[in-house]
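Data block below; observations after.
Each value in this text was obtained by applying a stated rule to the coordinates, not by laboratory testing. Since the model is a prediction, treat every value here as computed from it, not as a measurement. Quick reminder, even Gly has a Cβ in these numbers, built from the backbone with ideal geometry, and neighbours come from all protein chains shown.
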Amino acid sequence: MNTSCKVLLVVALVLGLAVCAVADPLVVTGLDPTTANALAMAQALAGAGITVDSASIVGSSGAGAFQQGTFTGGTSIIPFDSGVLLTSGNAMGAPGPNSSGSFTADTGGAGDAQLTTLAGNPTFDANVLTFTFHKSDPNAPDVVSFQYVFASEEYNEFVGSRFNDVFGFFLNGTNIALIPGTSTPVAINTVNCASNATFYNSNDPFDPSGGGCNGTFTSLNTQYDGIAGGLGSLALFAQGSLLSGENTIKLAIADSSDHVLDSAVFLKAGSFIAGPPPNTVPEPSSIFLLGTVVSFVALKLRKRFV
């Protein structure tokens, strides 16, 4: 067990949290959906110019399947090392290698009305972190921004389908999880090899040609088959205007149309700041591209259980 996981285990034991799921270098610590943990997660996200006032979370835990948690060692798959992880299934399944094209943890949870509107289909297994906050520096810009990555097992087979797993960042009721420069929400059907591809990396050796990927994928050490805002792609930042005084942000993710195939949002620690996003330069994808064309005699077959 590596040092990072040992440290997280000590914290977990002290706070009564889940143990680590380890697949070096990504380390995930699952958290129970309690008020104390919600506040700690929100505070972990808060950066310059932001003070968190209160927090709550809707999610599930039990039998090792924790929908939410914290992580370290993220730089092998995403542009930042640590932060908060929200999923529609089991956060403990995020570490790689990618050994399954259909990793699933059905929590049996309810959906979320705002996410259902975004997805255009019923949602299930919602995981929602909500917190109130204010600017700690009154002279800071009346803008908030933060960095995130979206990942899913729905890629690449179900691009363009009703299994459009979706998430939203609702700042004072308005979704700011948008494709940069547009009013289009980030989701399976809006960011993939065929749509807004500069923000997307396929990590799917099981269906490399699906979703318009033409047989190419980037091999990243995570279970998720596709990643938006990850290594080798353009970074994703959420940004929105602040009210004077207290503000509320709701960070939410859910399955669409059924309870299966996990999706996740990685949120960068300390990136939730009072100000616009920093200038970023994408990593050259060639550094991370380990294979260009993969041929298969037969593609996987898969059954869905609703």
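Pop the C-beta distance of S161 and N139 into the FRET formula with R0 = 45 Å and round what comes out to the nearest 0.05.
For S161 and N139, the calculated efficiency is 0.40.
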Which cross-chain or sequence-distant (5 or more) residues have an amide H under 5 Å from the amide H of A177, H modelled 1.01 Å from N in plane? F169
Ignoring solvent entirely, what values of log10 I(q)/I(0) come out of the Debye formula for region 3-288 at 0.10, 0.13 Å⁻¹ when each Cα is a single scatterer? -0.46, -0.80
Taking the number of other C-beta atoms within 10 Å as the exposure measure, put E246, E157 in order starting with the fewest. E246, E157
List M41, M92 from most exposed to least, where exposure is judged by having the fewest other Cβ atoms within 10 Å. M92, M41
G275 long-range amide H proximity, modeled H, under 5 Å: V143, V144, S145
